[in-house]
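Report on one structure; see the data block that follows.
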Amino acid sequence: MSDRIDTARDKLIVALDVSSVAQAEALIARLGDTVSFYKLGMEIIYGGGLELARRLVSSGKKVFLDLKLHDIPTTVERATAQVASIGATFLTVHAYPQTMAAAAAGRAGSSLKILGVTVMTSYDNADLAAAGYISGVKEMVERRALQARDAGIDGLILSAAEVASLRKLVGSDLLLVTPGIRPAGSNADDQKRIVTPGDAIRAGADHLVVGRPVTAAADPRAAAAAIIDEIAQASA
Ligand code: C5P
């Protein structure tokens, strides 16, 4: 049972969506050994969080740097190599073929895994058209998922509601990492298409990114433990 819980523990990634390193550290201390994997996004990273990422790695935690890189290939490759040297486990890049190939080259020889962001979930067909794209969201997500596989990156970050169809499209070649997770009966906040931890795992997700259901809970540690338990049961 404890092996199953440890495997499930690594599938839960808690999003440290707080504005200061002090707040993040207080939360990490409360979560203790229950949580093994943290996502740090642009807000906390630009607020001094890169040193926190290094400290988390030194203390044995896994770190997902959600930096959504996108630049000319040389810059992406070199920036990715720097992220790899921190010891991070996951890094996001926008899923453009050049960017993905550059990130794959930059992490060569390290254990860093690259996740592609296909289409931001704040974009709908009209937003893509306004930005000059001729594809709609569904077609673009599928095209970029296949390009991610061809570019040799490791996975995709995508809405939990898209996991089942993407899993069919890419098979077991890519890791699928999903936000938009809400345990049954919890507040949806601003997420529009929510999926329970158990349903996301059964649909084929490899890791779940969870923010407020843990970070805003009266007892964050108990909330995280309950999600890990649900993941373990769904993985059985
Ligand atoms: O608090 P909540 O569980 O909604 O947080 C979800 C996390 O996943 C946040 O860090 C959010 O930025 C991120 N995310 C998301 N939807 C996406 C991509 C990332 O909610 N499409």
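Observations on the structure shown:
- Residues located in region 58-113, provided they are in a loop (DSSP other than H, G, I, E, B) and small (Gly, Ala, Ser): Ser59, Gly60, Gly87, Ala88, Ala95, Ala108, Gly109, Ser110, Ser111
- Glu142 surrounded by fewer than 19 Cβ atoms within 10 Å (Cβ to Cβ), within 22 Å of Ser19 (Cβ to Cβ) and of a type in the set (Asp, Glu): no
- Residue in region 210-223 that is closer than 26 Å to Met100 by Cβ and surrounded by fewer than 22 Cβ atoms within 10 Å (Cβ to Cβ) present: yes
- Region 184-198: number of residues that are within 18 Å of Ala226 (Cβ to Cβ) and touching a residue at least 12 places away in the same chain (Cβ under 8 Å): 9
- Any hit, region 42-57, residues being modelled with pLDDT of 95 or more, surrounded by fewer than 18 Cβ atoms within 10 Å (Cβ to Cβ), over 19 Å from the mean Cα position of the chain (by Cα) and closer than 22 Å to Ala218 by Cα: no
- Filtering Ser172, Ser110 for residues that are among the small types (Gly, Ala, Ser), surrounded by fewer than 17 Cβ atoms within 10 Å (Cβ to Cβ) and modelled with pLDDT of 95 or more leaves a single hit, Ser110.
- Residues in region 178-197 that are more than 8 Å from the ligand (Cβ to nearest atom) and surrounded by 20 or more Cβ atoms within 10 Å (Cβ to Cβ): Thr178, Ile194, Val195, Pro197.
- Given (1) within 15 Å of the ligand (Cβ to nearest atom); (2) out of contact with any Lys or Arg (no Cβ under 8 Å at 6 or more places or on another chain); (3) in a helix (DSSP H, G or I), number of the condition Ala222 does not satisfy: (1)
- Taking region 67-94 as the range and being crowded, with 23+ Cβ neighbours inside 10 Å and free of Cβ contacts under 8 Å to residues at least 40 places away in the same chain as the test, the residues that pass are Val76, Thr80, Val83, Ala88, Leu91.
The values are calculated or read from the model by the stated rules, or taken from the named source; none is laboratory data. Bear in mind that the values here come from a model prediction, so they are computed numbers and not experimental data. Methodologically, a virtual Cβ is constructed for each residue, glycine included, from the backbone with ideal geometry; neighbour enumeration extends over all protein chains shown.
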